[in-house]
Structures are given as C-alpha cells and as structure tokens.
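Worksheet: the structure to be examined is printed underneath.
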Amino acid sequence: MAENKFRYTYSAPTEEERREIDGIRRAYRPEEEKTGLDKLRALDKKVRRPAAWAAAVLGVVGGLTFGGGMALTLEGGQIAAGITLSLVGIVTAALAFPVRRAVLRRGKRKYGAEIVRLSDELLSGGTVAENETGEKTP
C-alpha cells in the first residue's frame, strides 16, 4: 500500500533566476509590448554609447600611435620621426575626452526632449499629453 503514495515536489526559481529569465524574456518581447522604461533605457543608450565608442577608439589609436613613436625613437634610432609620431599619438589621445563630450552633447540635443518627456511620463505615473500649443502637460 505504501507504494501507491502520491509524491509532489515543487521548486520555484530563485530571485536571481527570475531576474535572468525576465531579462531574456524582455529581449524577445515585440516592440509594441515594450514598457516606457525599456524605451527610456534604449534612448539613453543611443545617447551614451556613441560617445563612449568615439572616446575609446581615439584613446586606443592615440596610445598605439604614441607607443609606435616611442618604439621608433628607442629601437629604430629615428629620433625626429619617432618624436613626431609620439606627439601625434599624444594629441589624438588628448582629443578623446573633448570628442566624447561633443558627441554626448549632440546626442543629448537629439534625444533629450524625448527622454525628458518619457521620464516625466514615467515619474508621474500617467501619460503626458501635448496641448494645442505644443506644451506638454501631465
């Protein structure tokens, strides 16, 4: 008789597993099902990513150019060419931060109004509508 017992085991995913599942699920959600927060995050990435990439590329190219100039000076014996190449590398690397700032500023000008509108909408808990003059009202 003991062999006919019913056994039931339940195991729920942990909180970490739930977050991972939700993240994967969110990535495959159709565009019309995306939440306002998802849209806000995507717009923020559109502003920040190009600026970060521009700075990273300039920094790496500048560093490699500087290193090539130093190698040319120290190992190649071509002092004038090596110093010139090193100076070009220094200038290129030094431009990374101003270029990042300029690209970030351009992205903020392009997407800033939409980001502010969407964040106001999310913070107010309702929708933000435009009146006939084009002003946004909660």
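The values are calculated or read from the model by the stated rules, or taken from the named source; none is laboratory data. Quick caveat: nothing in here was measured; it's all calculated off a predicted structure. Reconstructed Cβ throughout: ideal geometry from the backbone, glycine too, with neighbour counts over all protein chains shown. SASA here: full protein model, heavy atoms, side chains in, ligands and nucleic acids out. Shrake-Rupley method; radii C 1.70, N 1.55, O 1.52, S 1.80 Å.
Some points to look at:
- Sulfur and carbon atoms: percent of accessible area, the chain [1.4 Å]: 59
- Counting 0.36 nm for each residue step from M70 to Y111 and taking away their Cα separation leaves a gain of 10.6 nm.
- Positive-end ranking of G62, A94, A80 along the dipole of the chain, with charges on Cβ about the Cα centre, is headed by A80.
- Counting 0.36 nm for each residue step from K34 to I83 and taking away their Cα separation leaves a gain of 12.3 nm.
- Figure note: R101, R49, R26, R109 ranked by solvent-accessible area, largest first, 1.4 Å probe, ligands and nucleic acids not counted: R109, R49, R101, R26.
- Between I90 and D44, the C-beta separation translates, for a Förster distance of 25 Å, into a calculated FRET efficiency of about 0.20.
- Evaluated with a Cβ-only charge set (Lys, Arg +1; Asp, Glu -1), the chain carries a dipole of roughly 320 debye about its Cα centre, given to the nearest 20.
- Taking Cα atoms only, the orientation of helix 36-74 departs from the longest principal axis of the chain by about 30 degrees.
- The calculated FRET efficiency for R25 paired with A52, based on their beta-carbon distance and R0 = 25 Å, is about 0.35.
- Computed with a 1.4 Å probe over protein heavy atoms only, the accessible area of V91 comes to about 90 Å².
- Under-13-angstrom lysine pairs by C-alpha in the chain, whenever the two are 8 or more apart or on separate chains: 4
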